[in-house]
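First comes the structure, then the notes that go with it.
Any read-out appearing in this document is the output of simple, stated calculations on the displayed coordinates, not a laboratory observation. If you're wondering where the values come from, they're calculated on a predicted model, not measured in any experiment. Methodologically, a virtual Cβ is constructed for each residue, glycine included, from the backbone with ideal geometry; neighbour enumeration extends over all protein chains shown.
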Amino acid sequence: MASVNVDRDECISCGACWSTCPEVFEENDDDGLCQVVQEYQVDGDPSEGEIPDDLEDCAADAADSCPVEIIHVG
Ligand code: SF4
């Protein structure tokens, strides 16, 4: 497992992360900001996730795609 964190307060909703890695990231229906998909959220926190190892590269690519560098993996 790898940990994922998104500083949602700084998200500009550009969509790069969920386009790059929709297995881990998605747009929150209420505020339009990035969140970890529900399946991998920790205690229902949209900004914190635990993901399987085989999705770590995908999540890291999404982190690299984020223009404001607010996604942290591992
Ligand atoms: S790539 Fe970054 S700024 Fe864009 S939606 Fe994802 S977390 Fe937000």
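Summary table
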| quantity | calculated |
| --- | --- |
| Peptide ranges 38-51, 57-70 listed from the most packed, as the mean C-beta count within 10 angstrom indicates | 57-70, 38-51 |
| Value of relative contact order over the range 2-73, rounded to a whole percent, pairs C-alpha under 8 Å and six or more apart | 42 percent |
| Dimensions in Å of the range 2-73 - Rg and Dmax from alpha carbons | 10.4, 29 |
| Derived scalar couplings ³J(HN,Hα) [the range 6-11; Karplus, 6.51 cos²θ - 1.76 cosθ + 1.60; whole Hz; x for Gly, Pro] | 10, 7, 4, 4, 9, 5 |
| ³J(HN,Hα) computed for each position of the range 33-41 - Karplus, 6.51 cos²θ - 1.76 cosθ + 1.60, integer Hz, glycine/proline x | 9, 5, 9, 5, 4, 3, 4, 10, 5 |
| Over the chain: helical MRE at 222 nm, DSSP H runs n ≥ 4 each giving -39500 (n - 2.57), nearest 500 | -5500 deg cm²/dmol |
